[in-house]
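Here is the structure we will look at.
The values are calculated or read from the model by the stated rules, or taken from the named source; none is laboratory data. On a predicted model such as this, the values are computed, not experimentally measured, just so you know. With ideal geometry, Cβ positions are generated from the backbone for all residues, glycine too; neighbour counts draw on all protein chains shown. Surface areas here come from the heavy atoms of the whole protein model, side chains and all, with no ligands, DNA or RNA. Shrake-Rupley method; radii C 1.70, N 1.55, O 1.52, S 1.80 Å.
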There are 2 protein chains.
Amino acid sequence: MNSSRPVTIKDIARRFRCSPSTVSRALNDHPAINEDTRKNIQEYAKEVGYQRNEVSLSLLNKKTATLGVVVPTIGNYYETAVIEGLHTILQPLGYTLNICVTNENYLLEKEYLSKLLSNRTEGIFLSVSQETYDAGYYEHLESVIQRKTPLIFIDREYEDFETSRATVDDYHGAFAAVEHLLTIGYKNIAHLKGPNGLTVSEQRFKGYRDCLKKYEIPIREELIINTNFKVESAIVPTKRLLDLDFPPDAIFGVNDQVAIGAMRVILDRGLKIPGDVGIVGFDNSPISAYTYPSLTTVHRPGRKIGMEASRLFLNQLNGSGDFVHENIVLPTELIIRESSLRIS
Amino acid sequence: MNSSRPVTIKDIARRFRCSPSTVSRALNDHPAINEDTRKNIQEYAKEVGYQRNEVSLSLLNKKTATLGVVVPTIGNYYETAVIEGLHTILQPLGYTLNICVTNENYLLEKEYLSKLLSNRTEGIFLSVSQETYDAGYYEHLESVIQRKTPLIFIDREYEDFETSRATVDDYHGAFAAVEHLLTIGYKNIAHLKGPNGLTVSEQRFKGYRDCLKKYEIPIREELIINTNFKVESAIVPTKRLLDLDFPPDAIFGVNDQVAIGAMRVILDRGLKIPGDVGIVGFDNSPISAYTYPSLTTVHRPGRKIGMEASRLFLNQLNGSGDFVHENIVLPTELIIRESSLRIS
DNA sequence: ATAATGTATGCAAACGTTTGAAAAAATTTA
DNA sequence: TAAATTTTTTCAAACGTTTGCATACATTAT
């Protein structure tokens, strides 16, 4: 053992031959404490580096001022932005964010939730893992509900689960992206889709599909290929698209990463962007403005999602009696850049 | 108030008209408990969703199984990789990582450290914020030292501070990058530098400078311009470089972001990469392999850093008596891609 | 001098759990 | 049937802090 026991209130009390109550009051500037006593105790406390044991306080007050943020990944710009948004609102209110990364793994998600509850976290922001979603697991959420711990879904959600949600309007974002490509003259639009089952993937896919429908363009199944959101995962699918007898003249990527991967393959084939193939991504990640060519994309307000989710949490906290379930859907914004600007 | 009080051991004890001790032992499969009693209690506990209050246990055992990870940002690939590495080692050992993002802000860093100590965190991984570093603050670390909480520096460090560190050999990475450019035939190499004062910036700069010295190339001050690591911050500096009477024929960026920003400006001017200007970045972020042209870069083993830092922490924990201070420096690797391959 | 006030401090309980030691209950042995 | 043994349960303290209430002491008013 190498860690010296932290100084406690009792230690200080012994030193001054007074009771712990007095020390506690002195440290908290209680008015009923003699000015000299207060000063002496405070000085001594500082000198020996006393630090209040918040664990004991948490136990006493049943308040931990800690919130869990459970997300599948933190590698991408979007998640980071969400966390920043949460932080912006909640940090000033004294909350500590406990960020848990599930790596798209159900078991880890379950374990984190259980741990957060055991640690008496006062609220949980959850973006469910892909595995959880795929398998339709929800039992691990029951205990959160049972304990009436505020639970806010961010981004990914269960369609039929009774909680508050803050999500982005992926559907209309995708719709607008595809519509943009169509109105500018692209006719054969492929979609590099996200993993099946995830709300984000499916909503964007639906936006793509419905937009084509609206413009009475038949959907060619061979133009829709899955990816896993990562840049590498776009390479083979894009090659397959270009090798088709009737290759697409535009590609809508489920996110910027995938779009950037696609661009790379297209340029390698000697094709021009946007001349031969138009590209649109999704996210408006910082890099998208500086790729070559710069990437047309759909802005996804991560920071705002974080801030709205915070608001939902605070509403639940202050809500009288039963929870008020709100469902916030933030709009997206099409950012038009070079990759979709056909020189006509 | 809307949160129903969680079920406690006392509640269960009341229900079974037995003492809390019995319940506690029953739940923990203590051998001295009657088989039936154990079964009944465990069943009931499950039924009512009992969850052990870890806060009280933390207080009792003076163990929280929580570690703080204090980093300036989490937006970039590197930090994410480090966290993943920490996670890989420490999660299986039962530790929870409390990730704190300082946004390069000293006050926030200070507050986080104080909070972590108050919450009796058992160890802290710290990458100091830029502000902290610039101003040379260190008082906020004193209390960590005083409390003998294991403190591991990751990445950024104080030169003269007595703790364990896991860092990347930025110096030789930069040196190798510049040497590569020189041996391939580039003569006028500019450097888009990181913010002053940060170890990362300065080490890479030193690598750049010393390599030029070795090859007896005079250092031109006008070829060294500061950025803030972000892609946007490379735009104006690169323009300035290209506008020089004797513009550089290669640019070494302090990281991939900056290099990508530079590439964009260069391509916009109608110059060829790597024909007219060679580019090397730093980090080997996933995107760097798929930019156009793909980016030569220096691999920075973030995951490994996280794993090594974990090891350092565990060593300190188990270390007898005084701390053992270790200083791990991991090597980098030059990844040669298109942006520096001059067609000769 | 005594009562009434004001000031400063201490006591004890509480938060939820574990655990060594003691006690009680049940069983076996003599 | 009593003693010895085994099994099962309870007691009490501990972790560090806060806080309502009681208490002690000093001061002022009557």
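Take the conditions open to solvent by 30 Å² or more (accessible area, probe 1.4 Å) and farther than 22 Å from residue A:144 by Cα and apply them to residue B:59. Does it pass? It is true that residue B:59 is open to solvent by 30 Å² or more (accessible area, probe 1.4 Å) and farther than 22 Å from residue A:144 by Cα. Picking from residues in the stretch A:1-12 that are open to solvent by less than 60 Å² (accessible area, probe 1.4 Å) and in a helix (DSSP H, G or I), the one that is nearest to DNA strand D (Cβ to nearest atom) is A:9. The set of residues in the stretch B:94-114 that are assigned to a helix (DSSP H, G or I), open to solvent by 20 Å² or more (accessible area, probe 1.4 Å) and of a type in the set (Asp, Glu) contains only B:111. The residues of the stretch B:1-56 that are free of Cβ contacts under 8 Å to residues at least 12 places away in the same chain and β-branched (Val, Ile, Thr), listed by number, are B:33, B:55.
For the stretch A:25-56: of the residues being over 39 Å from the mean Cα position of the chain (by Cα) and within 14 Å of chain B (Cβ to nearest Cβ), which is farthest from DNA strand D (Cβ to nearest atom)? Of everything passing the filter in the stretch A:25-56, A:47 is farthest from DNA strand D (Cβ to nearest atom).
How many of the residues making up the stretch A:62-79 are away from DNA strand D (no atom under 12 Å from the Cβ) and open to solvent by 20 Å² or more (accessible area, probe 1.4 Å)? The qualifying residues number 8.
Consider the stretch B:219-247 and keep the residues that are polar (S, T, N, Q) and part of a loop (DSSP other than H, G, I, E, B). The one that is least open to solvent (accessible area, probe 1.4 Å) is B:227. Does residue A:86 satisfy the criteria of being open to solvent by less than 30 Å² (accessible area, probe 1.4 Å) and within 11 Å of the chain's Cα centre (by Cα)? Yes, satisfied. Scanning the stretch B:252-284 for residues that are touching a residue at least 40 places away in the same chain (Cβ under 8 Å), open to solvent by 10 Å² or more (accessible area, probe 1.4 Å), within 13 Å of chain A (Cβ to nearest Cβ) and over 17 Å from residue B:204 (Cα atoms) returns a single hit, B:273.
Picking from A:59, A:151, which residue would you name as being more than 8 Å from chain B (Cβ to nearest Cβ) and in contact with a helix residue (DSSP H, G or I) (Cβ under 9 Å, 6 or more places away or on another chain)? Going through A:59, A:151 in turn, just one is more than 8 Å from chain B (Cβ to nearest Cβ) and in contact with a helix residue (DSSP H, G or I) (Cβ under 9 Å, 6 or more places away or on another chain): A:151.
Checked across the stretch A:13-24, the condition of being open to solvent by 70 Å² or more (accessible area, probe 1.4 Å) and within 12 Å of DNA strand D (Cβ to nearest atom) holds for at least one residue. If the condition is being farther than 15 Å from residue B:118 by Cα and basic (Lys, Arg), then the stretch A:22-63 contributes A:25, A:38, A:39, A:62.
Of the helices (runs of 4 or more DSSP H) entirely within the stretch B:15-93, those holding at least 1 residues that are within 12 Å of DNA strand C (Cβ to nearest atom) and over 30 Å from residue B:134 (Cβ atoms) occupy B:20-27, B:35-47, B:54-61.
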